[in-house]
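Participant: Got a structure for you, written out below as structure tokens; questions coming shortly.
The values are calculated or read from the model by the stated rules, or taken from the named source; none is laboratory data. Being a predicted model, the structure only gives us computed values, none of them experimental. No Cβ is skipped: glycine too gets one built from the backbone with ideal geometry, and neighbour counts run over all protein chains shown. When the accessible area is computed, the model is the full protein with side chains, heavy atoms only, and any ligands, DNA or RNA have been set aside. Shrake-Rupley method; radii C 1.70, N 1.55, O 1.52, S 1.80 Å.
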Amino acid sequence: MIEAMKKVDVVCLSGDRAKVLEQLRDLEIIHLQPMTPAESVELSELRKRADRLQECIRVLEHHKPKDDEKHNYSEQTLELNPREMGNRVHQLVLNHESCLVERERWRRVEDLLKPWGAFDPALVEELRAKGMTVTFCVAPESRLPAAPEGAILQIISTDEDQIYFIVISEQQLTDELPTAQVPMDNSLDEVKAKEAAAQNRLDAVHRELRRLADFLPKVYADYHTCLDQIEFLETRDGMGESGELAYMGGYIPARRTDELNQAATTQGWGIMLSDPEPDDPQVPTLVTVPKWLKISEPIFDFVGIRPGYDELDISAWFLIFFCIFFGMIIGDAGYGSMFFIGALAAKLKLKGKFTVQTNLLLVLSSCTILWGGLTGNWFGLDQDLLKPIPWFDPDKVGGSEVVNHHVESLCFLLAAIHLSIAHVWKAILVINSLRCLAQVGWMIVVWGNFLLASNLVAGGSYPQPLILWTYGIGAALVLLFTTPNINPLKCLGGGAGAIAGGGINSFVDVVSYIRLFAVGMSSYYVAKSFNDMAGDVMNMGALAIIPAVLILIFGHALNIALCMLGVLVHGIRLNTLEFSGHMGLEWKGFAFRPFARRVKEELVR
Amino acid sequence: METDVIVALGQMGGVTAMALAAVGSALGSGAAGAAAVGAWKRCFVQNKQAPFQLAVFVGAPLSQTIYGLILMLLISTKLEGLSPDVLAKFWPFFAIGAPIAGIAMGVSAWMQGRAAAGACDSFAETGKGFTNNLLVLGVIETVALFVMVFVIIALGGVK
């Protein structure tokens with residue numbers, strides 16, 4: 001149920017605005033709207049601090065302490081306050097970057113020096129100072145030059161395809177030699193020492209970051225406190241002003257108006273309550289569901305959709321049909337059993353946490369077990385023990401093709417029922433108007449679509465006159481009552497436009513539910529394929545049981561992942577596109593978010 | 001042409017229709033997938049929550065493969081029930097018409113994937129418009145649905 005809201009304007013003395021906001025924040029009652037964009041030096045500083053803390057969190061999350069470095073942070077005192085923590089981590093990040101750059105630089109120098117061994121560059125300089133020519137060269141073995149006249153050619157080392165050699169001469173050499181780049185500032189040992197020193201500094205940075213990561217809970221708390229302060233200041237500085245008065249607007253649940261009235265009387269603010277305008281886009285949506293529907297909330301949270309304030313709450317039908325879609329798309333009672341056991345185990349282990357999520361999984365897995373049991377699908381196995389019900393048993397109905405037709409028919413039947421609910425609901429909403437008959441007409445058209453789709457795709461044999469009459473009656477109601485008007489042109493024009501725009505789409509929407517059959521069938525065949533693969537491997541001998549088991553584990557895990565993707569793509573889509581389209585739902589709402597403290601006291605401690 | 005050959009050509013047409021639709025699904029999912037990965041990367045860099053809902057957009061083009069599968073199954077069933085005379089007359093419908101329908105469905109999937117790529121970018125940046133984006137993807141997919149439905153209707157006339 002979408003709760004009724006009241007628009008509220010709060011007025012107070014300009015000097016009391018901070019106090020009033022504190023009081024409102026404690027009440028956690030009002031979804032505030034800032035009146036003007038807020039900017040101040042204090043706000044700007046807070047935002048910079050929040051950014052710094054955010055960087056701090058991002059860095060520290062990648063430096064979780066190792067097992068032997070862990071200790072209870074509450075036993076340690078962090079010597080840094082939040083601002084210093086952010087700056088310290090920022091400095092460590094900069095140190096990390098510079099240490100990395102330095103280490104890489106020495107590694108490159110080491111790579112250049114390695115082929116030449118641990119020679120002393122000073123010795124080479126000494127020789128050159130005495131007028132000798134010392135040339136470092138590298139060439140492929142096939143192109144190794146002969147020693148120039150009067151010069152010594154000494155091979156230093158070789159690798160796969162290159163020979164490293166030096167040419168020493170008392171005179172300047174005129175021959176062209178393949179010279180190599182050799183840095184002469186440090187010896188190889190010195191370079192290795194510098195690289196090790198850079199690595200040590202890098203390790204020290206990592207150790208310090210891991211030590212600070214121990215205090216991540218405090219950093220999170222500080223970050224959220226910072227965000228709280230930012231929100232507070234944005235609201236305080238965004239309030240409208242008129243002389244000595246400050247004011248702000250927002251929305252509260254209508255059932256809490258007495259509470260707000262009482263608080264205003266006690267605290268001395270002025271408030272004005274009114275009903276939101278019918279077309280006000282700013283009204284937030286607060287959906288309150290009965291206990292049994294709480295399990296639908298994770299689905300909406302995941303998808304991130306909210307009905308608009310002026311739209312309908314379809315949580316119940318959304319959940320019911322989502323469970324059916326889930327069951328049909330996964331389609332395997334074996335997988336459903338695994339989910340069920342997993343959800344039970346999670347419930348026992350988590351002891352009261354994530355209750356809603358585990359309950360949802362229990363319901364969804366039950367639906368999967370039910371559908372898989374009805375169709376006799378247990379891990380894609382051909383077995384005689386757990387047979388499907390006769391309507392889905394190929395041996396009883398005359399072949400697997402007939403079973404496919406039965407499932408397809410069921411998909412279209414689901415479509416017809418699902419979309420009919422949408423039109424019946426819309427009809428009830430306009431029951432006092434003739435337009436409700438147009439919705440009845442659309443519902444009849446949907447059933448006409450069911451009959452036609454069943455005949456075309458699912459091997460049905462509904463008589464043609466029935467289909468024609470169904471369409472005829474439905475279309476007539478739509479034509480006459482979409483825009484009821486004494487003027488026949490206006491009346492029929494609206495209806496004709498509706499049929500032209502929505503007729504074929506309505507049929508296509510019904511056919512779209514065939515995806516439940518197709519995705520469910522593909523899940524069965526993937527499971528069966530991996531079973532057959534494992535069976536073939538098992539036939540190779542006793543030792544083949546291990547690879548066979550691995551094939552089964554990998555194959556079924558992959559199939560489950562594909563099925564879950566199918567639920568995301570198809571299960572949610574049928575509700576949010578096809579059903580919502582027929583309901584006229586745009587999901588344009590946003591959640592009611594009362595002005596409140598986000599950081600709980602225990603986190604801050 | 002022998003009946004067996006005609007049936008084989010017809011089966012080939014059905015499989016080709018499905019395969020061509022699947023090619024489009026692959027291209028579409030690839031485009032959307034690349035956009036989703038890029039959008040998630042941007043979220044990680046900006047330390048924002050990476051919305052998993054993008055997977056729904058990436059998976060949207062897969063539907064056309066399903067429609068191709070449906071056509072393939074229907075063609076296979078239809079071929080079994082036709083007499084040699086009808087097969088001889090209508091074999092181009094199966095061998096040529098069906099693959100062309102597959103191309104249409106495949107292109108629909110490909111274009112849907114491109115639109116889904118935009119949806120991934122938009123939703124990751126704003127966190128809004130999930131159903132709006134889905135609506136747009138649904139419209140593009142409707143082309144493939146139309147193709148499947150109209151071919152099924154045409155298939156009904158082959159007797």
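Participant: For B:77-84, what's the mean count of beta carbons from other chains sitting within 10 Å of each residue's beta carbon?
Facilitator: On the way: counts 4, 0, 0, 1, 0, 0, 0, 0.
Mean shielding by partner chains, rounded to a whole number: 1.
Participant: Report relative contact order for region A:494-584 in percent, whole number only (criteria: Cα-Cα under 8 Å, sequence separation at least 6). Don't skip to the end; give the middle numbers.
Facilitator: Details: 34 pairs, mean separation 26.3, N = 91.
Result for region A:494-584 is 29 percent.
Participant: Right, another one. What's the buried accessible area, both sides, between A and B using a 1.4 Å probe, rounded to 100 Å²?
Facilitator: Numbers: alone 32540 and 8160 Å², together 38020 Å².
Approximately 2700 Å², summed over both chains.
Participant: Does anyone have the angle between helix A:515-538 and the longest principal axis of chain A? Alpha-carbon axes, 0 to 90°, nearest 10?
Facilitator: 50 degrees
Participant: Please give, to one decimal in nm, the separation of the simple spin-label points placed at A:Ser242 and A:Ala345, each 7 Å out from Cα toward the Cβ.
Facilitator: Distance between label points: 6.4 nm.
Participant: Now for a different question. Counting only protein heavy atoms, what percent of the accessible surface of region A:526-605 is carbon or sulfur at a 1.4 Å probe?
Facilitator: Working: 2870 of 4150 Å².
In region A:526-605, the share of accessible area belonging to carbon and sulfur is 69 percent.
Participant: Turning to a different aspect of this structure: From the alpha carbon gyration tensor of region A:147-272, can you work out the equivalent ellipsoid semi-axes (sqrt of 5 times each eigenvalue) and give them in Å, largest to smallest? Before the final figure, lay out the partial values.
Facilitator: Working: eigenvalues 1317, 76, 36 Å².
That gives 81, 20, 13 Å for the three semi-axes.
Participant: Using modelled backbone amide H atoms (1.01 Å from N, in-plane), which distant-in-sequence or interchain residues come within less than 5 Å of A:Ile156's amide H?
Facilitator: Placed amide hydrogens put A:Tyr164, A:Phe165, A:Ile166 under 5 Å from A:Ile156.
Participant: Also, I was wondering about something else. Quick one: helix B:98-126 against the long Cα principal axis of chain B, what's the angle to the nearest 10°, folded into 0 to 90?
Facilitator: 10 degrees
Participant: Oh, and also: How would you classify region A:423-553 from its alpha-carbon gyration tensor, with a ≥ b ≥ c the square roots of the eigenvalues: rounded for a/c under 1.5, else prolate if a/b is greater than b/c, otherwise oblate? List each step's numbers first, then the result.
Facilitator: Details: a/c = 5.13, a/b = 3.42, b/c = 1.50.
It is prolate, given that a/c is not under 1.5 and a/b is the larger ratio.
Participant: Taking the Cα centre of the protein assembly as shown as origin, sum charge times position over the Cβ atoms of Lys and Arg (+1) and Asp and Glu (-1), and report the length of that vector in debye to the nearest 20.
Facilitator: Details: 62 positive and 80 negative charges, 442 e Å.
Dipole of the protein assembly as shown, to the nearest 20 debye: 2120 debye.
Participant: Report, in deg cm²/dmol and to the nearest 500, the calculated mean residue ellipticity at 222 nm for the protein assembly as shown, where each DSSP H run with n ≥ 4 adds -39500 (n - 2.57) and the sum is divided by the residue count.
Facilitator: Details: 26 runs with 480 residues, N = 764.
About -21500 deg cm²/dmol.
Participant: Please tell me the relative contact order of region A:369-490 in percent, rounded to the nearest whole number, where contacts are Cα pairs under 8 Å and at least six residues apart. Mind dumping the intermediate values first?
Facilitator: Values: 134 pairs, mean separation 24.8, N = 122.
The normalised contact order for region A:369-490 reaches 20 percent.
Participant: When only DSSP loop residues count, what trypsin sites (Lys or Arg not before Pro) in region A:347-398 have their Cβ near at most 12 other Cβ atoms within 10 Å?
Facilitator: Values: sites: A:Lys347, A:Lys349, A:Lys351, A:Lys353, A:Lys396; in loops: A:Lys351, A:Lys353.
Listed in order of number, the matching sites are A:Lys351, A:Lys353.
Participant: Quick check on my link table: of A:Lys48/A:Lys294; A:Lys396/B:Lys78; A:Lys347/B:Lys48; A:Lys588/B:Lys48, which ones sit more than 28 Å apart, alpha carbon to alpha carbon?
Facilitator: Check vs 28 Å cut-off fails for A:Lys48/A:Lys294; A:Lys347/B:Lys48.
Participant: Taking A:Lys19 as the anchor, which lysines have their alpha carbon closer than 22 Å to its alpha carbon, excluding any fewer than eight residues away along the same chain?
Facilitator: Answer for A:Lys19, where 22 Å is the Cα cut-off: A:Lys7, A:Lys600, listed by chain and number.
Participant: Whole angstrom only: what separates the Cα centroid of region B:69-117 from the Cα centroid of region A:131-179?
Facilitator: So the separation of the two Cα centres works out to 72 Å.
Participant: Got the relative contact order for chain A handy, in percent, Cα pairs under 8 Å and 6 or more residues apart? Before the final figure, lay out the partial values.
Facilitator: Details: 837 pairs, mean separation 118.2, N = 605.
Here the relative contact order equals 20 percent.
Participant: On C-alpha positions alone, give me the angle between the axis of helix A:188-213 and the longest principal axis of chain A, in degrees, nearest 10.
Facilitator: Once rounded, one gets 30 degrees.
Participant: Binned at 10 Å from 0, what are the whole-percent values of the Cα-Cα distance distribution for the protein assembly as shown, short to long?
Facilitator: The percentages, shortest bin first, are 2, 10, 15, 18, 16, 13, 11, 8, 5, 2, 1, 0.
Participant: What accessible area per residue comes out for chain A, rounded to a whole number of Å², with a 1.4 Å probe?
Facilitator: Roughly 52 Å² per residue, with all protein chains present.
Participant: Read phi for every residue in region A:473-480 and hand back ³J(HN,Hα) as whole Hz from Karplus 6.51 cos²θ - 1.76 cosθ + 1.60, θ = phi - 60°, with x for Gly and Pro.
Facilitator: Here the 3J(HN,Hα) series is 5, x, 5, 5, 5, 5, 4, 7 Hz.
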